[in-house]
Every structure is written in C-alpha cells, then in structure tokens.
Amino acid sequence: MTTPVVGNQRTLGFSQPAPQQPLRKPRTSLKLRNALVGWTFILPNFLGFAVLTLGPVLALFYFSLTSWNIFGNAEWVGLENFTRLVEDKSFHKALGNTFYYAALHIPLTIVVSLCLALLLNQKLRGAAFFRTVAFFPYITSIVAVAVVWNMLFSPEFGPINQFLSLFIDGDLPGWTVSKDWAMPAVIIVGTWKDMGYYMLLFLAGLQTVPGELHEAARIDGANAWQRFWNVTLPCLRPTMFFVTVMVTIQSFKVFDLILVMTDGGPGQSSLVLSQYIWQKGFEQFELGYASAVAVVLFLICISVTVVQFLYNKRKEA
Amino acid sequence: MAARTSPLQRSGRVLLYAVMIVAAAGIMLPFIWMVVSSLKMNNQVFTAPVQWIPDPVQWRNYVDIWAKADMVTWVRNTLIVSVAVTFLQVLTGSFAAYGFAKMRFPGRDALFLLYIGTIAVPWQSYMIPQFQMISGWGLNNTLFAIMLLQAFGAFGVFLMKQYYESIPDSLSEAARIDGLSEYGIWARIILPLSVPALASLTIITFVQTWNDYLGPLIYLRDRPLWTIQLGLQSFVGEYNAEHALIMTGSVLSVLPIALIFFLGQRYFVEGIATTGVKG
C-alpha cells in the first residue's frame, strides 16, 4: 500500500474544491449529470446508513420524551424522564462508574500504547513479531478474553493472585468478585485489549516525525527525554488528537467487556451507562426511560468530541 | 557526551530488548494460559503453583467439546453472517468512496461530514430505536438483522476514500477522455488498483463481524441461530465448572481469527494506519 499523505493538518482529508466555472447552459446540465452520477455511487451505502443509523439517532430524541413501554404506546411526557434521571440512584452509580472507567482507561491506554509504539520504533530485531503480539488481544473476541481473564483473576486459585502473594502478605484483591476491585479489573483488561490498536496508530504517526529534527536537537545537546518532549510529541499532535477522540468515545461507551466479565456486579459496582440503557430497555422494557439514558450517553460522547476538536483547533492556530 | 559511549549504548539496547521480551510475554500470557488449560484435565486448571506444561496432555477436550456444544451450528451461522456483511460492506463502501474521492458535486463534503460525525455516536445510544425498527420489519430473531446492523458502517467508506485519494486523478481523467463512464472507471481502473485497501477492509470487517457479541445478543434468541460468541458465552454459563472445556471452546473460537490475522496481518496493520494518519 502506498504511504498516505502525511504531516499536514488535513484532518478530514477533503480534496480541493473544483475551480469555479462560469455558469453556462451546457455546463449546468453537465454539472447536474455529474451530481446524479455522484449520488448513484454514494446511494447504496447511504441508504443503509441513513435508515439504520441516522434514522434511529433522530428517533432516539423523540422517544426520550415519551413514556414508551412494553405495551407500546408512546405518550408524550416532555422532560419527565429526565427529571426522573436526576433522582435515580442507579443512574448516578452508572454515570459515576462510566466516568471512573474513562478517567483511568483513557490516560492508561494512551500512555501504554505510546510507550509500546516508541519501543517498536527503535528498529529492534523482532519488532515485527512484537507488533503482532501486542495487536493480537485487539482482534480476539471479547467473550474469550473475558472468560480467560476471569479465570486468571479468580481470587482464590487464580494465577494473578498466586503471583501477587509472592510479594504481598495479607489481603489480596478480590478482583471481579469484589466491589472495590471489579472496576480496576475491568480497566486492566480493557487497556490490555485496546492498547495494540492505538499502538498501531501511534506507530503510523511516528513515521511522520522528520528524522532531521531529531538530528538537529541532538546536535544542540538535547537528551532523549528532551527530544521526546520537544520534538516527538509536538509532531505527533494530529495522531494524538485522533487517538484521544477515539479512546474517549470508546471508554464512555464501554459495554460488552463489562457485560461478559462482571455483568455490572457485584451489586452495581461496575454498572456503566451503556449497560443501564440495556437493562432499562431490553430487560425492563422501559423504552422511553432507557432512551433518556441513551440521550445522556450520546450528549457526553458528542460534547467530549467537540471540546477536543475545538481544543485541537486552537492549538493549531 | 557520556550518552554517546558505546558500552552504555549497547547496554541501553540490551535493556530495550529485555523490556520488549518481558512485555511480549506479559501480553501473551492470557493466551498461553488459555491454550495450556485447554489441554489439561479439569482439576488441573487451577493448581498452585501454575502448571505450565499439561501432564498428561488432554487432547480429548478437543473431541468432547463437539458433543457438548453446538459448535458446527454456531460456526456456520457466524460464517454466513460474516461473509454477507463483508461482501456488502466492501461493495457499497468502495462504491460510495469513489463518489466521495473522485467526483465533485454539490453536497458531497457535507455528506461526508455526516459520515464522519457518526464516528462519535456510540451504537449503544441508538440501539433501542434501531431494534424497534428492525423488529417492525419482522427481522428480529433472524440472521438478516445482524447483516443489516453491520453492513453499512461509515468505516468502510472512510478507509476506501483515504486510499482512493492516494491514486492520482490523472488516471481517471485519462480514462474519462477515452470515453469510459464513471462506473467503468471505478470497475476497471480504480478497483484493480486498490486491492490492498480492499484486502484491509475485507479482513477488518470479517474479524469484526466474527467477534461481534452485542448484535447477536440483542437480535438472536433461538439457539439454532446463535453465533459463536453467543454460543460460547452460554456454554460458559452452562458448564461453569468445566474450566478446561471452556478454555477449549475459547481456543476454538479464537483460532480462525488468529489464522486470518497471521496470514493477512500486513493488510490489517496498513488498513488501520491509513484511517489513523489522516484520521
């Protein structure tokens, strides 16, 4: 594959707009024809996309304002669902846990995957093999991963606590069966699984850092740490932006990992927003209320993305 | 400068190798444990200290599991869905990408922005209205539901567009002058040139669909429709004390993906790098 155009700030990758043509009759009909042909290319995918994604997203907002339930009648209730959210202890718990997960998973994943990418960028022998290894968790299914880690985390017989007992006398973490350790356990597995993907993104970004800059900094007497901080990181900013946006969204929507590892438990100690939507909607059939929770998740993801986008814009300027 | 002396540099190298080897071992450990446990007798799975070489090696697990779990059905369903989704995604994605990358018409950029925007919208937030709609069409509890769910993602359009833009416009211009229609240019010029990107998209989509758990969980209730992920999860619940057998099932569910990954790794890595760099 050819190397993509890199090193500039064309974050969305639009091509240049066509030069303005003076409007004349044959031109307009040609233009129209062109637009029609263009649309036919996009249409097959766009139809599916519009019906299956855009439609439901719009419908979501309507449903969140209704009392829609298992009996099917969606009556308009205004903001009632949202005032109920303010009082709902389980929702607070889920919201808190989601932020807990994000607060640890985002920085942890970024740091670990950047370190792995820097390590791989050292042109060591066996780096290709290492890349394969680090990426492998990302492509294995969540179910198999959860099953294995649950056994590894088993508090009494699991290898992890066996290993820890070599260093720690006294109480060992109860991991997925303990209220305090269920979230950390899930975060560890989440990071382990996702880091390979972001490592690849960082690695691609690192290829765009010009070697001459490093050379110049070295001649000026900058040590490895200074070079990393003043050359590598600033050059990585477009990648860093993309990675941060992706890992943030991924953290806030975390669901299947928790569903299969802890099912939100013990109690509600690892219940997250996505799972709460699922419980309310697909288990208790309070579809209107579940939609209101979903609107909250939607707004969190969109606003976090917009904030990061604006921040990136300002830095760019 | 001290940092330039070669013994220090050499020991730095050695340290890097040590870090790499330890990290690799750490990352792979769960998989090694999975494979080792799948070859043990059940009561040997949890021993202190961990027994890293099974003795005796229980190949039987790999025979027994076919009788206890409906593996054939699960694998068949998963294959049907994965192949259909991959086909649709690659076809419609590469087709739409041509419109976005090689043609100019009003509304194009706004439309593309719409695609990009949905990357920030988690599926979990609109799964309920989507479920109601698909149920309304009578497709709930069918494999078609899963196909619809996965086939029209923005990812394929995005990846193919990025790649098409690296193909010089002069090629399609020349073909246009020679009288080839836009569809002809797509089919006879652009597609043959984008085989690596098509391979990336094929592999990534296939693996994603194979691994999907939430879609099948919501839509597929009847046992004969279950995919491998659903099957494995229910197997874990049913035989929760049969640790060795559960590991056997896990190994079998990962194996096809591992094979595809090792054979097509290059495309995997390049596909992800393409979407990331200009991301």
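Rule-based calculations on the coordinates, nothing more; no lab input. Keep in mind the model is a prediction, meaning the values are calculated, not measured. With ideal geometry, Cβ positions are generated from the backbone for all residues, glycine too; neighbour counts draw on all protein chains shown.
Measuring nothing but alpha carbons in the protein assembly as shown and taking Rh as the Kirkwood radius, the Rg to Rh ratio lands at 0.98. Remark on A:Thr66: its backbone amide H falls under 5 Å from those of A:Val77, a criterion applied only to residues 5 or more positions apart or on other chains, H modelled at 1.01 Å from N. Compactness of the range A:89-316 was expressed as the Cα radius of gyration divided by 2.2 N^0.38 Å, which yields 1.17.
If you take all other residues with their beta carbon under 10 Å from the beta carbon of B:Gln58, and give Lys and Arg +1 and Asp and Glu -1, the sum is 0. Rounded to the nearest whole Hz, the Karplus-based 3J(HN,Hα) values (6.51 cos²θ - 1.76 cosθ + 1.60, θ = phi - 60°) of the range B:70-80 follow the sequence 7, 3, 4, 4, 4, 5, 4, 4, 4, 4, 4, with x at glycine and proline. With a 10 Å cut-off around each Cβ of B:17-24, the average count of Cβ atoms from other chains is 5. Taking the empirical scaling 2.2 N^0.38 Å for compact globular proteins as reference, the range B:80-193 has a Cα radius of gyration ratio of 1.27. Legend: helices of chain A (whole DSSP H runs) are marked when their alpha-carbon atoms reach 15 angstrom or more along the helix axis and their mean Kyte-Doolittle hydropathy is at least 0.0; marked are A:25-49, A:89-120, A:127-139, A:142-153, A:182-206, A:237-252, A:287-316. The Cβ shell under 11 Å around B:Asn77 holds other residues with a net charge of 0, Lys and Arg each +1, Asp and Glu each -1. The Cβ shell under 14 Å around A:Glu286 holds other residues with a net charge of -2, Lys and Arg each +1, Asp and Glu each -1. To the nearest 0.05, what FRET efficiency results for B:Glu238 and A:Thr132 with a Förster distance of 41 Å applied to their C-beta separation? The formula returns an efficiency of 0.75 here.
Label point 7 Å out from B:Thr118 along Cα-to-Cβ: which residues of the range B:61-96 have amide N under 18 Å? Answer for this model: B:85-96. Computing FRET efficiency as 1/(1 + (r/R0)^6) for B:Arg266 and B:Tyr62, where r is the C-beta to C-beta distance and R0 is 30 Å, gives about 0.50.
The alpha carbon convex hull volume per residue for the range B:26-87 rounds to 112 Å³.
Rounded to the nearest 10 degrees, the inclination of helix B:228-238 to the longest alpha-carbon principal axis of chain B is 30 degrees. Pairs from the table (A:Lys313/B:Lys161; A:Lys31/B:Lys102; A:Lys93/A:Lys280; A:Lys89/A:Lys253; B:Lys40/B:Lys68; A:Lys123/A:Lys193) lying more than 22 angstrom apart at Cα are A:Lys313/B:Lys161; A:Lys123/A:Lys193.
Along the axis of the charge dipole computed for the protein assembly as shown (Cβ charges of +1 for Lys and Arg, -1 for Asp and Glu, origin at the Cα centre), the listed residues B:Ile257, B:Ala199, B:Ala97 are led at the positive end by B:Ala97.
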